[in-house]
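Everything below concerns the one structure shown next.
The values are calculated or read from the model by the stated rules, or taken from the named source; none is laboratory data. Just so you know, these numbers come straight off a predicted model, no measurement behind them. Backbone-built Cβ (ideal geometry, glycine too); neighbour counts: all protein chains shown.
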Amino acid sequence: MEILDQIKGAVVNGIQSLFDKTINENQIIHNETRKEFEGDLTIVVFPFVKLVGKSPIELGDQLGAYIQKEVDAVSSFNVVKGFLNLSFTESHWISEFKSMLANDQYGFGEAKEEKVMVEFSSPNTNKPLHLGHIRNNLLGWSTAALLEAAGHEVFRVQVINDRGIHICKSMVAWQRFGNGETPASSGLKGDHLVGKYYVLYSDEEKAQKAILVAEGKDKEEPEILSAARALLIKWEENDPEIRNLWKEMNGWVYAGFDASYKRLGISFDKNYYESETYLLGKELVEEGLKNDKFYKKEDGSVWIDLEDAKLDHKLVLRSDGTSVYMTQDLGTAHERYKDFGTKRMIYVVGDEQNYHFKALFEILKRLDAPFAAGLYHLSYGMVNLPTGRMKSREGTVVDADDLMEEVVKAAKVESEIRQEIEGLPEENKLSIWEKVGIGSLKYFLLRVQPQKSMVFNPEESVSLNGQTGAFIQYAYVRTKGIERKMKEIPNFENYEGLDPKELALLSMLNKFPMVIQNAAAKYDPAEMATYMYDLAKTYNKFYYDVKILKAPNQEALAFRFALNKFTGEIIERGMKILGIDMPERM
RNA sequence: GGUCCCGUAGCUCAGUUGGAUAGAGCAACAGACUUCUAAUCUGUAGGUCCCAGGUUCGAAUCCUGGCGGGAUCACCA
C-alpha cells in the first residue's frame, strides 16, 4: 500500500504547488477504479473543486499530470467527470507480486499486544445442538480466527448451562420412563438421548395439564413439573443420588456435543460450567450495595437504576437472596478476566439478548470493571426456514447432526455424478465429501452478515453451484491440478505483457491483508466470505482465459505458475479463517 | 406503548469513511467441453434500493417523519 501513500502525498503537493492551496491527506477520497473505466485507482476530485476554483475536468487533468510526473508507478491517467483514474505500470504490479510472494505470512497482521476473548456456543445440556447453534459456532469460531489473523492472541471459551430446571426435567423423565437406558445400551448419541427425555417430559407435562384443565383445575401445577422442581432443590442441597444422576446424564451430553463439535471443527480453550459459576457475582452485588451503585427494595431484592442510560431498573438479586442470570454474568466476566487477563471480550449471542447485554455492560462500567471498555456483544439474527421460524413444539427444529449428515450425503451424490475421484481409496473419498459438504454448509451460513436474520433453505444449502463453498473449493482444486501437472517448478524472475485477467487476479490478491483487517475490526466473517468468492471467481476467469500450462514462453509460464500457486495458498489461508478445509481434488 | 435491529431483482444475498450507468448467485432463456477437472465460463432478461421530506456538487448509504417485518421490555435463561 506504499503506492497509495505516495499518491496521496502527490495529491497534497500537487494542489499546493499548482493552486497554492493546502489540503489534508485524509480529505482525499480514493476508490478502486470501476471495471468499466480504465485505471487501477480513482481519486475523487469533487471535494477540491470549490477550493481551487477550477472545473472538475480541469482540476483532474492538471492533478493527473502532476501525479504521473511525480509517482513513477503511475503510468497514465484519464478524467471522467470528477473522477481521476490512475493506471499503474506493469512493473509496479510485478514488484507488488514479488513482495507478496516473499512474505510467507502474507495477509496476517503484525502481532498486537491486546489479547481477546471470544465466547460462543453456550449450549443447554438438555438437548442436542441445532441449526441456530451452528450459526453461533461458526460465527464465534471464525471471528476468533479473524482476530488471530489480524494479530491478536485469542481465547475461545464457552459457557455451558449445565444446571437448572431444564436439565431436571430431562432427569425426571429419564427416572420415570428410561428403564435405565444409556447411550451404550441403546446406541443413541448421548445428547440426543437426553433430548429424547426432555421431549418425553414436555409431552407428559402437556398431558397432565390437559387433564387438569378438563377437571377445571387449570390453576394447579402439573405433578411432573413439581417433581422437576423438587429435583432442582435436591440438586442445590447436594443430594448425592441426584448429583450422580445429573453428572451421568450431563456426561452423556458432553460426549455427544464433543462429537458434533469435532465434526464441525470447533474447539475451546476453556469451558465455564454454570454449576460452578452460578454463585459468582454475589460479592460484587454486596460491594456495589455498599457503594450505592445498587439499591435494596423492602422485600430484600436488589436492583440497579439504569434509566439515565436509557435502560430500565434491573434486578441483580432476588428477594430470597439467590442470583439471576445477570448476577452470574457479572461474576463470570470478572472470573474470566482473572483467568486470561483479556480486556476485550466478545460475546457471540443471539439478538434476542441485545437488551440484556446492554444492561450487563452498563453495570460493569458502573462497577468500574477494568475491562468494561472492551466488552462487545456480537449479536446475530435468527435462522429461519422458508416456512418460517423453527419451533421445537412443531418439530421444525433442524438438528445439527442430521444437517451435517445431509450436506455430506449431497456432496457424495454430486461427486459420484462427476466421477473425478472415482479411483481414489474409499478413505480419501470420504474425507473429500466431508470437506465439500461441511464446507458448503459453513459457507452458506457465514456469507450472511451476522446481524441479519437469514433464511435457511435446505435445498439451497446442499446445492454446490454458484456462490457456495464448493465453488471456492473447486477453484482451489484447479490450482492444485495445475501444480500436479508441472514436473519441475519454473523460477519466476520477471514478466512483461500482463494480461487483463492476470492483472485482475493480482489486484484481487493485493486486497487480502486489508480484508482481514477490515473484517476483524467489524467482527464480520461475511466480509471474508464475500471476498473469497470474488477471489475464486476472478481466478476462474483467469483459468479459463489464460492457459497456464500453454504459456508462450518460459517467463510467462513461470509467472502464471507462481500466480496460480499463490492464489491457491491465499484461498486456503482465507478459507481456514472461515473454518473451511480445502480438498486437493474433488 | 417504549427501546433496538432489519427492509436492495421473482428468491437468497453483496454494495467500504456519502461518489461514476446499484452488483453477484439461484431460478428462466441462449451459447461454450477433441482443451490445465464444465462443481466452470460467456451472453440475454430481470430494479419505485419500502414511502415522503431534508442535508449537498453528489444519497441505497447521513438526518427527520411515516409504513412493513422481527426482537425485547420477567424475582426466565
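Some points to look at:
- A:ILE363 outside any loop (DSSP other than H, G, I, E, B), among the β-branched types (Val, Ile, Thr) and more than 11 Å from RNA strand B (Cβ to nearest atom): yes
- Selection count where residues are farther than 26 Å from A:PHE268 by Cα and surrounded by 21 or more Cβ atoms within 10 Å (Cβ to Cβ), scope segment A:171-191: 4
- All positions within segment A:301-351 that are in the same structural domain as A:ALA369 (by TED's automatic domain parsing) and without any contact (Cβ under 8 Å) to a residue 24 or more places away in the chain: A:LYS338
- Near pairs, Cβ below 6 angstrom, 6+ apart or cross-chain, from segment A:229-250 (modelled with pLDDT of 95 or more) to any residue that is outside any helix (DSSP H, G or I) and polar (S, T, N, Q): A:ASN250/A:THR125
- If you go through segment A:49-74 and keep only what is outside any loop (DSSP other than H, G, I, E, B), buried (at least 16 other Cβ atoms within 10 Å of the Cβ) and either touching a residue at least 60 places away in the same chain (Cβ under 8 Å) or small (Gly, Ala, Ser) (or both), you end up with A:GLY60, A:GLY64, A:ILE67, A:GLU70, A:VAL74.
- Here A:GLU352, A:GLU420 are screened, and the one residue that is over 30 Å from A:LYS189 (Cβ atoms), of a type outside the set (Ser, Thr, Tyr), surrounded by fewer than 15 Cβ atoms within 10 Å (Cβ to Cβ) and within 10 Å of RNA strand B (Cβ to nearest atom) is A:GLU420.
- Every residue from segment A:468-486 that is small (Gly, Ala, Ser), within 6 Å of RNA strand B (Cβ to nearest atom) and under 11 Å from A:GLY568 (Cα atoms): A:GLY481
- Only one entry in A:ASN510, A:ASN564 is within 14 Å of RNA strand B (Cβ to nearest atom), closer than 16 Å to A:GLU96 by Cα, surrounded by 20 or more Cβ atoms within 10 Å (Cβ to Cβ) and of a type in the set (S, T, N, Q), namely A:ASN564.
- For segment A:24-48, the set of residues classified as within 17 Å of A:LYS8 (Cα to Cα) and either assigned to a helix (DSSP H, G or I) or charged (D, E, K, R) (or both) consists of A:GLU25, A:ASN26, A:GLN27, A:GLU32, A:ASP40, A:PHE46, A:PRO47, A:PHE48, listed by residue number.
- Odd one out for A:LEU378, checked against (1) in a helix (DSSP H, G or I); (2) of a type outside the set (Phe, Trp, Tyr); (3) touching a residue at least 24 places away in the same chain (Cβ under 8 Å): (1)
- Boolean, A:LEU424 is within 16 Å of A:MET582 (Cα to Cα) and not assigned by TED's automatic domain parsing to the domain that holds A:TYR376: no
- Residue ID - farthest from RNA strand B (Cβ to nearest atom), chosen from residues in segment A:4-23 that are surrounded by fewer than 15 Cβ atoms within 10 Å (Cβ to Cβ) and in a loop (DSSP other than H, G, I, E, B): A:ASP20
- Within segment A:280-290, the set of residues being without any contact (Cβ under 8 Å) to a residue 60 or more places away in the chain, in contact with a helix residue (DSSP H, G or I) (Cβ under 9 Å, 6 or more places away or on another chain) and either assigned to a helix (DSSP H, G or I) or exposed (fewer than 14 other Cβ atoms within 10 Å of the Cβ) (or both) comprises A:LYS282, A:GLU283, A:VAL285.
- Residues located in segment A:541-553, provided they are near RNA strand B (Cβ under 6 Å from one of its atoms), outside any loop (DSSP other than H, G, I, E, B) and either surrounded by 17 or more Cβ atoms within 10 Å (Cβ to Cβ) or charged (D, E, K, R) (or both): A:LYS541, A:TYR543
- All told, A:ASN465 meets the bar of being loosely packed, with under 11 Cβ neighbours inside 10 Å and either within 12 Å of RNA strand B (Cβ to nearest atom) or not assigned by TED's automatic domain parsing to the domain that holds A:GLY439 (or both).
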